[in-house]
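Data block below; observations after.
The values are calculated or read from the model by the stated rules, or taken from the named source; none is laboratory data. Please read these numbers as outputs of a predicted model, since none were measured by experiment. With ideal geometry, Cβ positions are generated from the backbone for all residues, glycine too; neighbour counts draw on all protein chains shown. Note: accessible area is taken over every heavy atom of the protein model, side chains too, but ligands, DNA and RNA are not part of it. Shrake-Rupley method; radii C 1.70, N 1.55, O 1.52, S 1.80 Å.
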Amino acid sequence: GENVEQHPSTLSVQEGDSAVIKCTYSDSASNYFPWYKQELGKRPQLIIDIRSNVGEKKDQRIAVTLNKTAKHFSLHITETQPEDSAVYFCAASLYNFNKFYFGSGTKLNVKP
Amino acid sequence: NAGVTQTPKFQVLKTGQSMTLQCAQDMNHEYMSWYRQDPGMGLRLIHYSVGAGITDQGEVPNGYNVSRSTTEDFPLRLLSAAPSQTSVYFCASSDLGQGTDTQYFGPGTRLTVL
């Protein structure tokens with residue numbers, strides 16, 4: 001099956017700085033890559049996703065990039081704010097197959 | 001529109017007891033799944049279903065059973081609880097083949113097995 005690795009496990013940045021979280025996947029057939037944000041005690045919520053026919057996608061302060069050849073994808077958060085503090089998970093799946101494999105998570109701490 | 005609901009929110013079991021975690025969704029989603037979340041290990045897929053009457057195993061299915069008699073409900077059964085099953089359990093649902101794979105998660109059930 002698919003194996004998704006996520007780095008770093010913890011990330012501390014100053015408010016206003018950028019944060020980058022990286023994931024690699026093993027199955028070249030995977031073609032859908034969502035990112036989830038989970039606040040303490042809450043459920044994971046989708047923040048952005050990308051399909052394998054796209055190299056980059058942006059939504060305001062967040063962006064995701066995908067390198068299919070290297071089998072890695074990254075989440076970029078610019079102008080970080082304290083409310084961005086949470087655990088972020090990447091995932092990989094085969095579109096329309098809906099079997100998701102998650103990374104182990106990155107705890108992001110944005111210091112005011 | 002309640003989305004994905006789960007009951008109970010918290011549960012404490014003794015080793016060997018059985019119980020059922022309930023999950024329901026009102027979005028008419030074909031796909032439903034169960035995950036467990038353990039510290040430092042992300043979310044791991046237990047079982048999933050692509051429609052009523054169809055279920056399949058995920059990464060960590062041992063010790064759990066599921067059934068899908070209706071589109072709305074997808075209960076997870078622990079047959080004989082073990083301390084290793086102490087975890088937070090999330091149910092999720094999504095459309096299949098509708099142009100989106102967005103998974104909507106329930107609020108979770110925190111299970112402790114003594």
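Below is a table of values for the structure above.
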| read-out | value |
| --- | --- |
| Other protein chain Cβ atoms within 10 Å, averaged over every residue that makes up A:103-111 | 2 |
| Carbon plus sulfur fraction of accessible area for the stretch B:28-76, probe 1.4 Å, in percent | 44 |
| Column: log10 I(q)/I(0), Debye, Cα scatterers of chain A, q = 0.17, 0.23 Å⁻¹ | -0.75, -1.30 |
| Exercise: per-residue mean of other protein chain Cβ atoms within 10 Å, B:25-36 | 1 |
| Order of exposure, largest accessible area first, which applies to B:THR109, A:THR69, B:THR71 with probe 1.4 Å | A:THR69, B:THR71, B:THR109 |
| Summed buried accessible area for B+A [probe radius 1.4 Å, Å², rounded to 100] | 1900 |
| Alpha-carbon gyration tensor eigenvalues x 5, square-rooted, for chain B, Å | 23, 14, 13 |
| Cubic angstrom per residue, convex hull over Cα atoms of the stretch A:65-110 | 100 |
| Cα-based convex hull, the protein assembly as shown, per residue volume (Å³, whole number) | 121 |
| Range of Cα positions in the stretch B:1-44 per principal axis (Å), largest first | 36, 25, 16 |
| Shielding by partners - mean other protein chain Cβ count within 10 Å, residues of B:37-43 | 6 |
| Trypsin sites (Lys or Arg not before Pro) restricted to the stretch B:1-105 and DSSP loop, no more than 16 other C-beta within 10 Å | B:LYS9, B:LYS14 |
| Of all DSSP beta bridges in the protein assembly as shown, antiparallel share, percent nearest 5 | 90 |
